[in-house]
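Before any comments, here is the structure.
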Amino acid sequence: MKLLVDSGSTKADWIAIDDSGKVLFTTQSLGLNPEVLETDEIIERLEERFDISHNKDKATHLYFYGAGCGTDRMKNYLLEVFKNYFTNAEVFVHEDTYAAVYATTPRETAAIVCILGTGSNCSYYDGTELHQKVQSLGYIAMDDCSGNRFGRHLLRGYYFNKMPKDLVKAFEAEFDLDPDVIKNHLYKEPNPNAYLATFAKFLITHKNDPFCHAYIMAEMEDFVENYIKQFYNYREVPVHFVGSIAFYLKDELEMVLQKHGIQIGNVLRRPIDGLIAYHILNQ
């Protein structure tokens with residue numbers, strides 16, 4: 001049994017397949033970002049899902065594609081955690097961009113591939129290898145146009161009294177905005193980036209409001225300037241996207257890219273289904 005996993009900071013999609021590619025089960029766990037989780041927290045999240053814990057000894061291969069796995073240190077850390085948990089499996093850990101590439105880009109085809117979800121990322125795929133120009137410093141310093149970035153904007157807009165009154169009423173009705181609750185999530189609970197990203201749904205729902213629209217367009221412009229334009233041929237190849245922010249704000253994204261002469265390619269909410277086809281072809 002092979003386990004294919006696409007993990008962001010908020011959630012992780014799991015699919016188990018047999019050697020013929022038949023799906024044995026699908027499930028979803030909380031995200032497994034090694035940058036923000038300790039070993040015991042990762043194990044706890046695995047144990048919470050019956051399908052995962054019940055089948056851990058049956059897995060022969062684990063292919064994990066995850067946020068926070070962009071450095072050798074984080075890859076090796078997670079590799080050891082998984083090897084100790086899935087004791088009979090050969091384990092492979094890749095950064096989440098590879099899942100996005102395999103799901104959106106035909107083999108041996110060049111493209112720029114971006115992730116816009118809880119966090120954000122951008123790489124160039126030359127048809128064989130992945131190239132990055134920007135080393136991520138995590139959600140505090142980077143992650144332009146991501147869910148956690150939008151959450152930060154909304155909280156600041158609310159607390160600095162910049163948010164229009166009609167939005168304030170809706171915002172207060174949807175979230176617990178007690179400062180102690182917010183600070184506990186941000187500074188004491190695990191996954192503060194995922195917590196910030198929970199506010200992004202509000203921004204998407206109210207995307208036509210000028211207050212929210214301005215944040216969306218500004219962040220998209222920043223992402224184009226800081227990430228996509230790092231690659232000299234950004235106007236010559238398609239630019240694919242994976243992630244809920246890209247999927248639900250596709251119209252706005254297309255508008256910004258068109259302004260910069262950039263060709264938008266595939267836009268997927270999640271890459272996990274595309275990984276099945278890739279692993280069947282390359283097993």
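Quick notes on this structure:
- Residue ID - least open to solvent (accessible area, probe 1.4 Å), chosen from residues in the stretch 115-131 that are assigned to a loop (DSSP other than H, G, I, E, B) and under 17 Å from Arg235 (Cα atoms): Gly127
- Number of the condition not met by Ala194 [criteria: (1) assigned to a helix (DSSP H, G or I); (2) over 30 Å from Ala277 (Cβ atoms)]: (2)
- Residue within the stretch 61-72 that is in a helix (DSSP H, G or I) and under 23 Å from Gln135 (Cβ atoms) present: yes
- Matching helices (runs of 4 or more DSSP H) fully within the stretch 207-283 where at least 3 residues are open to solvent by less than 50 Å² (accessible area, probe 1.4 Å) and without any contact (Cβ under 8 Å) to a residue 60 or more places away in the chain: 210-226, 250-259
- So Asp166, is it among the charged types (D, E, K, R), over 23 Å from the mean Cα position of the chain (by Cα), open to solvent by less than 70 Å² (accessible area, probe 1.4 Å) and more than 18 Å from Ile216 (Cα to Cα): no
- Boolean, Asp57 is open to solvent by 80 Å² or more (accessible area, probe 1.4 Å), assigned to a loop (DSSP other than H, G, I, E, B) and either out of contact with any Lys or Arg (no Cβ under 8 Å at 6 or more places or on another chain) or not β-branched (Val, Ile, Thr) (or both): yes
- Where a residue in the stretch 91-104 is closer than 15 Å to Pro238 by Cα and part of a helix (DSSP H, G or I) and its partner, wherever it lies, is of a type outside the set (Lys, Arg) and open to solvent by 50 Å² or more (accessible area, probe 1.4 Å), with Cβ under 7 Å and at least six apart: Tyr102/Tyr278; Ala103/Leu268; Thr104/Asn266; Thr104/Leu268
- Residues that are open to solvent by 60 Å² or more (accessible area, probe 1.4 Å), of a type outside the set (S, T, N, Q) and either in a loop (DSSP other than H, G, I, E, B) or in contact (Cβ under 8 Å) with a residue 12 or more places away in the chain (or both) within the stretch 78-90 comprise just one, Glu90.
- Some residue of the stretch 182-193 being closer than 17 Å to Leu167 by Cβ and either of a type in the set (Gly, Ala, Ser) or under 19 Å from the mean Cα position of the chain (by Cα) (or both): no
- When the residues of the stretch 18-43 are filtered to those that are part of a helix (DSSP H, G or I) and β-branched (Val, Ile, Thr), the one that is least open to solvent (accessible area, probe 1.4 Å) is Ile42.
The values are calculated or read from the model by the stated rules, or taken from the named source; none is laboratory data. All figures in this text were calculated on a predicted structure; none of them were measured in a lab. Cβ sites come from the backbone with ideal geometry, for glycine too, and all protein chains shown count toward neighbours. Just the protein is used for accessible areas: all its heavy atoms, side chains included, with ligands, DNA and RNA removed. Shrake-Rupley method; radii C 1.70, N 1.55, O 1.52, S 1.80 Å.
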